[in-house]
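K.L.:
A single structure is presented below for examination.
The values are calculated or read from the model by the stated rules, or taken from the named source; none is laboratory data. Please read these numbers as outputs of a predicted model, since none were measured by experiment. Here Cβ is always computed from backbone atoms with ideal geometry, including for glycine, and neighbour counts include all displayed protein chains. For the accessible areas, the whole protein counts, side chains as well, though only heavy atoms, and no ligand, DNA or RNA atoms are used. Shrake-Rupley method; radii C 1.70, N 1.55, O 1.52, S 1.80 Å.
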Amino acid sequence: MLDIETLKKELDSDQFTAVTAPLGNMLCIANAGSGKTRVLTYRIAYLISQGEPESSFLMLTFTVKAANEMMLRIQKLLGKSVLQITGGTFHSVAIKFVKKFANLLGYHKKIKTLDAQDSAGLMTLARMYYCAFHDIAANTVPPQSALSSAYSYCRNTNQNVRDYILEQKNNGAQFYTNSSNDVWANVEAVEGIIQEYESRKKAQNALDFDDMLHAFDKLLDFPAVQDYIHSNLPNVFVDEYQDINAVQDSIIRKLNDKVNRLTAVGDDAQCIYGFRGSEVKFIQDFKNAYPNASICPIRNNYRSTDGIVDLALAVINENSSGSHKEMNATQTSKRIPYFKGCLSEKEQADYITQQVKDAHARGIPYDEMAVLCRTRRLPHPIEVSLTNAKIPVCMECGIPFYERAHVRPVLNFLKFLDNHQDEVAFWKLAEMTAGIGPKKARDMFKQFEAHNFDIQTLSAIKISKKSSGSFRLLIETILQGDKILHSYDPSSPPAASKQSLLQILANLFCDQWLYCWMKNEFEKGDLKNRRADIKTLLDALSEFNDIDDFLETVALADDKTEISSKGKVKITTIHRAKGLEWDKVFVPYLNDQLLPFYSVSGLTEKQLEEERRLCYVAVTRARKELDLSSVAKLDNKPYFKGNLSTFMIGAASNKYVTL
């Protein structure tokens, strides 16, 4: 049990005030390194100790890792191995309720969840079919990536796509650049492709990542659903409140409507996901949205030394919007941040490599060092330099695990076995065969569709001699997998005791098809790592016997995944580093046009303020040592000026040592 005396011993005064605040709407403004997760978990455990039922709590987070960590902390505080708290990411909680009340929204119970690759593939198909049907040249409409990005942003900000595109045009921004065509003349085509995409999702009884939130939001408009949630889950807790978007704001309001027991925890200085639709105004206007709410700041920073905290404050307090940031460092150090101006990318990479060597010689482990970059395209020279120096590196700026070229086929194989009408999965599998491209794969699927998706008719699909042998082997593997799937009895040993159904299917596909394809696609030296990835996937499959459960877990997985960095220097983006910390942090490419990131057209004040918040996040990842650097020359960027970043001008200029 958590009593008041225990809390006074284990929490500082700010934390104690937030944890013990009376039931009601409350916002905890938690500085970087101030114990945000500690406050949230202690408050839940404290309220349960005071008599609130465990089952009355709904906890919403942004990452699977954060959700799991908070559940474990609450279990430990309460001395329990199992909790009755409903919790998880916004999307995982949303899909639970959407499935529970699917009929109210016009969906069947077995809803298909689309991950990022599924959505991209379906948008590509929608674009292809729309252009073919309307006899439009494909190069006159934006590519799939631009369409998906605009569509997702509009969904998260509750904007009309047409209004968004025209607004971008009026502001002088480029929705899509094509030197030979005017994309603004094709707004109708953009709308048409998106309508085609939405109709295809509906036909598949499928939801993409953004749909999950929209469906949950619509569900909460049903009085019966709202009454059910208000009666059973009155205590709503939201982590990382500064990252919510317009749809999430609507969901939170409806969850809390008339109940008024919302606890939100966040830091307006760490709102860095504007490109996903999050807006800092929601946390800054909390008091207006919930007039009777209490605001509890927690100001101590237990992570970083005073020099790092001083620099972070100098950066963030340059922003004019929001309140003046106060943060108290609890650790002191004679070392303040270092800044190194480099003439070239090579000089910067060599400088970082030498600093890593020196820090390691002083006792800082490799896995307590990180290099944080503004975009994932920048750090390659640094990775090369560290690798050449035989320093172990974990590169997390690349493709997420489940999107890798050698992992994705296994997922597509399982998706197609689960749903023979999944055109994207079929198309992606067929394209692995030499001589088959998107158009040919589409024609092949039409043949299959003409036979009412009868799996046995796959063998009758017409194919060129060049592709025949390899494609026939793929079809044979699919037919074998389908037979295993429909004859498998998990209750009959020895199959059930040796491995799950998913492992059996995946092993079949890997042994008969994937490994042969990998030998042709990848160099011998790279096969070992790729086989290791496949083993990681097969190990993950052992926890599931149901394809739907596994595919839903993959769809809901966030991008901070599975890469072990033990004993390695981590290279990652600042966005991915949020929530993490290291003893020594490098922030390279601290230049205008890189951080802050913008083209020659410049930034609005709103965008510049988010870039400052991004810099603040990068700086506050460091516990003991912070090294900053810039470059005067950048390869393949003719417009690049090489100016020291706007962040380091003015108030921040005396907060670091120039080397």
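K.L.:
So GLU449 passes all but one of these: (1) within 23 Å of ALA120 (Cα to Cα); (2) touching a Ser or Thr at 6+ places or on another chain (Cβ under 9 Å); (3) modelled with pLDDT of 85 or more. Which condition number does it fail?
P.N.:
It fails just one condition, (2).
K.L.:
Exactly one of these conditions fails for ALA312: (1) over 17 Å from ILE29 (Cα atoms); (2) part of a helix (DSSP H, G or I); (3) open to solvent by less than 20 Å² (accessible area, probe 1.4 Å). Give me its number.
P.N.:
For ALA312, the failing item is (1).
K.L.:
Is it the case that some residue within the range 90-98 is touching a helix residue (DSSP H, G or I) at 6+ places or on another chain (Cβ under 6 Å), assigned to a helix (DSSP H, G or I), free of Cβ contacts under 8 Å to residues at least 40 places away in the same chain and buried (at least 21 other Cβ atoms within 10 Å of the Cβ)?
P.N.:
The answer is no, given that none of the residues of the range 90-98 is touching a helix residue (DSSP H, G or I) at 6+ places or on another chain (Cβ under 6 Å), assigned to a helix (DSSP H, G or I), free of Cβ contacts under 8 Å to residues at least 40 places away in the same chain and buried (at least 21 other Cβ atoms within 10 Å of the Cβ).
K.L.:
If I ask for residues that are open to solvent by 20 Å² or more (accessible area, probe 1.4 Å) and modelled with pLDDT under 80, which ones from the range 543-570 would you list?
P.N.:
GLU543, ASN545, ALA557, ASP558, ASP559, LYS560, GLU562, ILE563, SER564, SER565
K.L.:
Search the range 340-361 for residues being assigned to a strand (DSSP E or B) and in contact with a helix residue (DSSP H, G or I) (Cβ under 7 Å, 6 or more places away or on another chain), and hand back the single one that is nearest to PRO379 (Cα to Cα).
P.N.:
CYS342
K.L.:
So the check is Cβ under 7 Å with 6+ separation or different chains; which pairs have a first residue in the range 72-85 that's in a loop (DSSP other than H, G, I, E, B) and a second one that's among the charged types (D, E, K, R)?
P.N.:
LEU83/GLU54; GLN84/GLU54; ILE85/GLU54
K.L.:
Can you tell me which condition TYR402 does not meet? The list is (1) free of Cβ contacts under 8 Å to residues at least 40 places away in the same chain; (2) crowded, with 17+ Cβ neighbours inside 10 Å; (3) of a type in the set (Ser, Thr, Tyr), and all the others hold.
P.N.:
(1)
K.L.:
Could you list, in sequence order, the residues of the range 327-380 that are under 20 Å from VAL631 (Cβ atoms) and hydroxyl-bearing (Ser, Thr, Tyr)?
P.N.:
Answer for the range 327-380, where residues must be under 20 Å from VAL631 (Cβ atoms) and hydroxyl-bearing (Ser, Thr, Tyr): TYR338, SER344, TYR351, THR353, THR375.
K.L.:
Follow-up question, since we're still on this one. Which of the numbered conditions does ASN412 fail, given that it passes all the others? Conditions: (1) part of a helix (DSSP H, G or I); (2) open to solvent by less than 50 Å² (accessible area, probe 1.4 Å); (3) in contact (Cβ under 8 Å) with a residue 60 or more places away in the chain.
P.N.:
(3)
K.L.:
Any residue in the range 211-222 that's touching a residue at least 40 places away in the same chain (Cβ under 8 Å): show its pairings with residues that are open to solvent by 10 Å² or more (accessible area, probe 1.4 Å) and not aromatic (Phe, Trp, Tyr) at Cβ separation under 6 Å, as long as the two are six or more apart or on different chains.
P.N.:
Sorted first by the residue in the range 211-222, then by its partner, the pairs are MET212/HIS91; ALA215/LEU105; PHE222/LEU104.
K.L.:
Considering only the range 451-489, state which residues are open to solvent by 80 Å² or more (accessible area, probe 1.4 Å) and of a type in the set (Gly, Ala, Ser).
P.N.:
Correct list: SER487 only.
K.L.:
Right, another one. Which condition from (1) open to solvent by 20 Å² or more (accessible area, probe 1.4 Å); (2) in contact with a strand residue (DSSP E or B) (Cβ under 7 Å, 6 or more places away or on another chain) is the one that ASN317 breaks?
P.N.:
(2)
K.L.:
Right, another one. Among helices (runs of 4 or more DSSP H) lying entirely in the range 114-221, which contain 2 or more residues that are of a type in the set (Asp, Glu) and modelled with pLDDT of 85 or more?
P.N.:
Fully inside the range 114-221 and qualifying: 187-203, 209-219.
K.L.:
So which residues in the range 1-45 are touching a residue at least 60 places away in the same chain (Cβ under 8 Å), open to solvent by 20 Å² or more (accessible area, probe 1.4 Å) and among the β-branched types (Val, Ile, Thr)?
P.N.:
Those that are touching a residue at least 60 places away in the same chain (Cβ under 8 Å), open to solvent by 20 Å² or more (accessible area, probe 1.4 Å) and among the β-branched types (Val, Ile, Thr): THR17, ILE29, THR37.
K.L.:
All but one of (1) over 27 Å from the mean Cα position of the chain (by Cα); (2) under 28 Å from ARG612 (Cα atoms); (3) among the acidic types (Asp, Glu) hold for ASP367, so report the exception by its number.
P.N.:
For ASP367, the exception is condition (1).
K.L.:
Also: Identify the residue in the range 274-285 that is touching a residue at least 12 places away in the same chain (Cβ under 8 Å) and surrounded by fewer than 22 Cβ atoms within 10 Å (Cβ to Cβ) and, among all such residues, is farthest from ALA146 (Cα to Cα).
P.N.:
Checked the range 274-285; the qualifying residue farthest from ALA146 (Cα to Cα) is GLN284.
K.L.:
Name the single residue, out of those in the range 55-66 being among the hydrophobic types (A, V, I, L, M, F, W, C) and assigned to a helix (DSSP H, G or I), that is surrounded by the fewest Cβ atoms within 10 Å (Cβ to Cβ).
P.N.:
Within the range 55-66, the subset among the hydrophobic types (A, V, I, L, M, F, W, C) is 57-60, 62, 64, 66.
From what is left, the residues that are assigned to a helix (DSSP H, G or I) are 64, 66.
Values: VAL64: 18, ALA66: 20.
The extreme case among them is VAL64.
K.L.:
A further question follows. Does GLU423 fit the bill of being open to solvent by 10 Å² or more (accessible area, probe 1.4 Å), closer than 23 Å to ARG200 by Cα and touching a Gly at 6+ places or on another chain (Cβ under 9 Å)?
P.N.:
yes
K.L.:
Picking from GLU69, GLU52, which residue would you name as being in a loop (DSSP other than H, G, I, E, B) and not β-branched (Val, Ile, Thr)?
P.N.:
GLU52
K.L.:
List pairs: first residue in the range 591-611 and over 20 Å from SER653 (Cβ atoms) and of a type in the set (A, V, I, L, M, F, W, C), second residue modelled with pLDDT of 90 or more and part of a loop (DSSP other than H, G, I, E, B) anywhere in the structure, Cβ distance under 9 angstrom, at least six positions apart or on different chains.
P.N.:
Note: pairs meeting the criteria are PHE597/ARG374.
K.L.:
Pull up the range 381-419, narrow it to residues that are charged (D, E, K, R) and within 19 Å of the chain's Cα centre (by Cα), then point me to the one that is modelled with the lowest pLDDT.
P.N.:
Applying the filter and picking the extreme gives GLU396.
K.L.:
To continue, here is another question. Tell me, which residue of the range 621-654 that is touching a strand residue (DSSP E or B) at 6+ places or on another chain (Cβ under 6 Å) and of a type in the set (Ser, Thr, Tyr) is modelled with the lowest pLDDT?
P.N.:
Once the filter is applied, the top-ranked residue is SER645.
K.L.:
Here's a check for you: in the range 286-309, which residue that is basic (Lys, Arg) and not in a helix (DSSP H, G or I) is most open to solvent (accessible area, probe 1.4 Å)?
P.N.:
Checked the range 286-309; the qualifying residue most open to solvent (accessible area, probe 1.4 Å) is ARG299.
K.L.:
Next question. Suppose the filter is under 18 Å from the mean Cα position of the chain (by Cα) and at pLDDT 95 or above; does VAL587 pass it?
P.N.:
Taking the combined requirement at face value, the residue does not satisfy it.
K.L.:
Given the options LYS637, LYS641, LYS624, name the one that is within 19 Å of ILE382 (Cβ to Cβ) and either without any contact (Cβ under 8 Å) to a residue 40 or more places away in the chain or open to solvent by 10 Å² or more (accessible area, probe 1.4 Å) (or both).
P.N.:
LYS637
K.L.:
Here is a further query. Are any residues in the range 105-120 open to solvent by 30 Å² or more (accessible area, probe 1.4 Å), over 15 Å from the mean Cα position of the chain (by Cα) and of a type in the set (A, V, I, L, M, F, W, C), and if so, which ones?
P.N.:
Matches in the range 105-120: LEU105 only.
K.L.:
Six or more apart or on different chains, Cβ atoms under 9 Å: show the pairs whose first residue is in the range 340-361 and aromatic (Phe, Trp, Tyr) and modelled with pLDDT of 95 or more and whose second is open to solvent by 30 Å² or more (accessible area, probe 1.4 Å) and outside any helix (DSSP H, G or I).
P.N.:
TYR351/LYS340; TYR351/LEU659
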